[in-house]
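The values are calculated or read from the model by the stated rules, or taken from the named source; none is laboratory data. Small disclaimer: the values here were computed from a predicted structure and weren't measured. Backbone-built Cβ (ideal geometry, glycine too); neighbour counts: all protein chains shown.
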Amino acid sequence: MSDETLPVKDDVVCAPWHATVLTLYPDMFPGPLGTSLAGRGLEKGLWTLDTLHIREFAEGKHRNVDDTPAGGGAGMVLRPDVLARAIDHASGENDDRPRILLSPRGAPLTQQKVRELKDAGGAILVCGRFEGVDQRVIEARNLEEISIGDYILSGGEVGAMVLMDAVVRLLPGVMGKIASGEDESFESGLLEYPHYTRPTEWEGHEIPEILASGHHGKIADWRFEQAVELTRERRPDLYEAWVERQKKP
Ligand code: SAH
């Protein structure tokens, strides 16, 4: 890879953001991340994605990766020995990338967390399946549990894709000229103001007059008021937190 293809930030060439995904379904990747912005970023070498097939770290004739839950109950649990071998293989020496387990019990993925993960230079993402993962490997390998929302998916793969999509669009060079999301929902703690484009009149609805005024200061004020109002209506939790932050000097 020539230096030209590497992301440049403040004239310093940075290594590509590096994801390693541990999964029982490596064929799912890159999936949707192979197209559009993320896909072009991948082609340009702005980030890299490896998958490790968890089953390759299983032993014995049947290469079992899971077993019945200790104490009884439905479903199967991923074995700690198999997962630990896969994790150890992925991290190797001098690899300080965060080790993440996608998990509905984890801390919710937020835009702030996404930025932290971007700055960490990459991540090892462990995708659970079945009932989940043996607790001992979570503790012994220091896995940080992250949830993408309060619902249950059938596996961690889609969650890993969500996380990577959110990180990758922030990498220098991925979004081209678009300011890397400074103005978006959540960045300021508020939801974003409404957008409009041509045609100026559509099915009898016009674009708010202020947007055609060419008065940038007034437009910025209007957008800010809209953002505050929308957040207050739709996300009282975010609104309250934002109000509290405004009180601080
Ligand atoms: N029995 C578990 C759910 C297992 S779902 C429970 O009740 O908590 C199987 C796998 O899907 C999980 O191990 C996890 O890797 C993934 N998964 C499910 N929901 C998720 C979510 N909201 N966020 C991130 N990963 C999730």
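The residues listed here are 48, 23; of these, the one that is surrounded by fewer than 17 Cβ atoms within 10 Å (Cβ to Cβ), among the β-branched types (Val, Ile, Thr), closer than 29 Å to residue 175 by Cα and in contact with a strand residue (DSSP E or B) (Cβ under 8 Å, 6 or more places away or on another chain) is 48. The set of residues in segment 116-143 being away from the ligand (no atom under 12 Å from the Cβ), within 22 Å of residue 33 (Cβ to Cβ) and crowded, with 16+ Cβ neighbours inside 10 Å consists of 117, 118, 122, 123, 124.
Looking at 81, 95, 66, which is the one that is within 13 Å of the ligand (Cβ to nearest atom) and acidic (Asp, Glu)? Going through 81, 95, 66 in turn, just one is within 13 Å of the ligand (Cβ to nearest atom) and acidic (Asp, Glu): 66.
Filter segment 41-82 for residues that are part of a helix (DSSP H, G or I) and not basic (Lys, Arg) and give the result. Listed by number, the residues that qualify are 41, 42, 43, 54, 56, 57, 80, 81, 82.
In the condition set (1) modelled with pLDDT of 95 or more; (2) closer than 29 Å to residue 247 by Cα; (3) in a loop (DSSP other than H, G, I, E, B); (4) not acidic (Asp, Glu), residue 228 is compliant with all but (3). Listed by first and then second residue, the pairs linking a residue in segment 121-136 that is closer than 14 Å to residue 83 by Cα and in contact (Cβ under 8 Å) with a residue 40 or more places away in the chain to a residue that is part of a loop (DSSP other than H, G, I, E, B) and of a type in the set (D, E, K, R), with Cβ atoms under 8 Å apart and 6 or more places separating them unless they lie on different chains, are 124/95; 124/97; 134/79.
A Cβ distance below 8 Å, combined with a sequence gap of six or more or placement on separate chains, defines the contacts here; from segment 41-63, residues that are on the phi > 0 side of the Ramachandran plot reach residues that are of a type outside the set (Ser, Thr, Tyr) and modelled with pLDDT of 95 or more in the pairs 45/16; 63/55. Within segment 144-153, the set of residues being within 6 Å of the ligand (Cβ to nearest atom) and surrounded by fewer than 14 Cβ atoms within 10 Å (Cβ to Cβ) comprises 149, 151, 152.
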